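Here's the structure we're looking at; comments come further down.
The values are calculated or read from the model by the stated rules, or taken from the named source; none is laboratory data. Keep in mind the model is a prediction, meaning the values are calculated, not measured. Methodologically, a virtual Cβ is constructed for each residue, glycine included, from the backbone with ideal geometry; neighbour enumeration extends over all protein chains shown.
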Amino acid sequence: MAKNETFKTNNEFSEGSDSRKEKSTVGSTTDNKTFISALKSENTKKKGETEFGALSKLSREKLIEQARKFSKQYFIGDGEKFRLKTYDTHASFDLEPEDKPLVKDALQLGVQALSALQDIMYAQDKWSLLVIFQAMDAAGKDGAIKHVMSGINPQGCQVSSFKAPSNEDLDHDYLWRCQKHLPERGRIGIFNRSYYEEVLVVRVHEKILESQKLDKKLITKDIWDERFKDIRNFEKYLHRNGTIVIKFFLNLSKEEQKKRFIERIDNPDKNWKFSATDVNERAYWDDYMNAYEDMIRNTSTEDSPWYVIPADNKSYARIAIASAIIHTLDQLDFEYPKVSSEKIEELKVIKAALLAE
Ligand code: ATP
Ligand code: MG
């Protein structure tokens with residue numbers, strides 16, 4: 001695929017390390033432009049109205065189809081040949097200034113589509129969706145979760161954040177603390193970090209392994225491959241039991257992270273978000289990127305894919321995330337539970353009695 005004109009490649013693993021720079025092979029101008037122009041034609045039909053519920057069935061199907069095409073460029077269903085450097089950290093819709101508001105509309109529409117699909121999922125009470133976010137600090141995990149999930153019925157969605165494990169957590173296997181937070185049927189569970197930290201931060205700082213109360217015999221030279229295998233099996237097990245797992249890596253450039261850290265220092269309202277530890281982790285940038293790449297290579301499957309989302313542009317990333325979730329939910333072929341003909345008769349009788357009051 002030709003290099004996408006609208007993508008400014010900015011995917012060095014570390015500033016100035018030209019050896020790892022390569023032209024992007026991901027993304028297509030057509031996919032991105034069609035997505036926004038489909039929305040534009042809807043928008044001109046109903047000026048100022050971008051409600052998913054207000055769209056005709058055909059328009060909804062078109063939107064879902066666009067979400068599928070748009071998110072497909074970031075989908076990794078088979079990690080075998082995955083190379084992180086071929087994925088951009090920066091992407092944009094390449095819009096004319098007057099079309100800029102369409103980005104906001106696109107996200108709003110995406111959020112409403114998500115909410116409509118989630119409503120059916122909740123009524124059906126069969127499937128659950130686990131959405132995992134992993135990224136370097138300041139990549140925008142919190143903002144993406146907040147915006148993309150903003151239209152969802154809070155009863156149908158639960159967010160769990162995983163920081164360094166507690167003493168109680170360390171008394172168990174590493175999946176234990178995450179298993180406790182898996183979504184119930186009919187719900188979306190969001191993991192802000194997850195068991196994947198066990199092959200990321202723990203791999204970058206191997207000393208952490210020593211605090212995991214594991215016998216020396218269990219810390220083999222193959223420990224990372226063993227963990228990948230355990231995670232793949234775990235996700236397969238979840239899939240077989242009705243929990244769909246999708247994973248997002250928010251792919252941020254080192255340069256953009258620096259910009260966001262400086263912003264957190266300069267803006268008093270953002271000071272609380274700044275931690276000196278985050279800056280220390282920057283020193284291990286290349287190690288983290290290698291760990292991410294190996295993780296994606298080893299844990300991407302058709303059933304539980306990774307999406308590698310360009311994260312330097314926050315609005316773009318959020319639309320890409322919403323699109324991938326819409327596509328995933330749509331694949332489940334949801335429909336509201338059908339009630340029996342006896343039940344319909346019963347409802348008619350009750351309605352007549354209510355009207356006669
Ligand atoms: P934010 O910085 O936006 O508040 P965050 O997810 O970075 O969100 P922090 O409290 O800064 O939250 O960081 C959590 C830290 O916990 C991360 O550095 C992460 O690598 C670490 N962590 C998570 N899981 C594990 C684990 N299993 N073992 C060791 N460290 C972990
Ligand atoms: Mg942090």
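Under the condition of being surrounded by 17 or more Cβ atoms within 10 Å (Cβ to Cβ) and more than 23 Å from TRP127 (Cβ to Cβ), which residue from region 173-200 is nearest to the chain's Cα centre (by Cα)? Here the answer is ARG193. From the list LYS72, LYS85, the one residue that fits, being touching a Lys or Arg at 6+ places or on another chain (Cβ under 8 Å), under 22 Å from GLY140 (Cα atoms) and modelled with pLDDT of 85 or more, is LYS85. Screening GLU80, GLU65 for residues that are more than 20 Å from the chain's Cα centre (by Cα) and either farther than 17 Å from HIS147 by Cβ or modelled with pLDDT of 85 or more (or both) leaves exactly one candidate, GLU80. Restricting attention to region 52-97, the residues that are more than 21 Å from LEU114 (Cβ to Cβ), charged (D, E, K, R) and part of a helix (DSSP H, G or I) total 1. Looking only at residues of region 201-213 that are hydrophobic (A, V, I, L, M, F, W, C) and more than 16 Å from ASP137 (Cβ to Cβ), we find that the one that is surrounded by the most Cβ atoms within 10 Å (Cβ to Cβ) is VAL202.
Conditions (1) of a type in the set (A, V, I, L, M, F, W, C); (2) under 30 Å from GLU302 (Cα atoms); (3) more than 12 Å from ligand 2 (Cβ to nearest atom), marked per residue:
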site	(1), (2), (3)
ILE244	yes, yes, yes
ASN251	no, yes, yes
ARG260	no, no, no
ILE265	yes, no, yes
ASP269	no, no, yes
THR277	no, no, no
ALA283	yes, no, yes
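Restricting attention to region 251-281, the residues being in contact with a Pro (Cβ under 9 Å, 6 or more places away or on another chain) and within 14 Å of ligand 1 (Cβ to nearest atom) number 1. Checking the structure you have, find out if any residue of region 260-276 is in a helix (DSSP H, G or I), more than 22 Å from the chain's Cα centre (by Cα) and crowded, with 16+ Cβ neighbours inside 10 Å. Within region 260-276 (the criterion being in a helix (DSSP H, G or I), more than 22 Å from the chain's Cα centre (by Cα) and crowded, with 16+ Cβ neighbours inside 10 Å), the answer is yes, since at least one residue qualifies.
Of all the numbered requirements in (1) assigned to a loop (DSSP other than H, G, I, E, B); (2) closer than 24 Å to GLU293 by Cβ, LYS213 misses one, and that requirement is (2). Looking at region 122-143 only, could you name the residues that are over 17 Å from SER323 (Cβ atoms), in contact with a strand residue (DSSP E or B) (Cβ under 7 Å, 6 or more places away or on another chain) and more than 16 Å from ligand 1 (Cβ to nearest atom)? Selection gives TRP127, SER128, LEU130. Number of residues in region 144-165 that are under 21 Å from ALA106 (Cβ atoms) and exposed (fewer than 15 other Cβ atoms within 10 Å of the Cβ): the value is 2. Among residues that are in contact (Cβ under 8 Å) with a residue 12 or more places away in the chain, surrounded by 14 or more Cβ atoms within 10 Å (Cβ to Cβ) and within 14 Å of ligand 1 (Cβ to nearest atom), LEU170 is included. Residues in region 178-195 that are within 9 Å of ligand 1 (Cβ to nearest atom) and in contact with a Ser or Thr (Cβ under 8 Å, 6 or more places away or on another chain): ASN192, ARG193.
Contact annotation: residue pairs with Cβ atoms under 6 Å, 6 or more positions apart or on different chains, pairing a residue in region 180-198 that is farther than 20 Å from PRO154 by Cβ with a partner that is crowded, with 21+ Cβ neighbours inside 10 Å and of a type in the set (Val, Ile, Thr), are SER194/ILE132. Criterion first (among the basic types (Lys, Arg) and away from ligand 1 (no atom under 16 Å from the Cβ)) does LYS146 satisfy it? Judged against the criteria, LYS146 is not a match. Could you list, in sequence order, the residues of region 57-104 that are aromatic (Phe, Trp, Tyr) and either more than 19 Å from ILE326 (Cα to Cα) or buried (at least 20 other Cβ atoms within 10 Å of the Cβ) (or both)? Hits for region 57-104 are PHE70, TYR74, PHE82, TYR87, PHE93.
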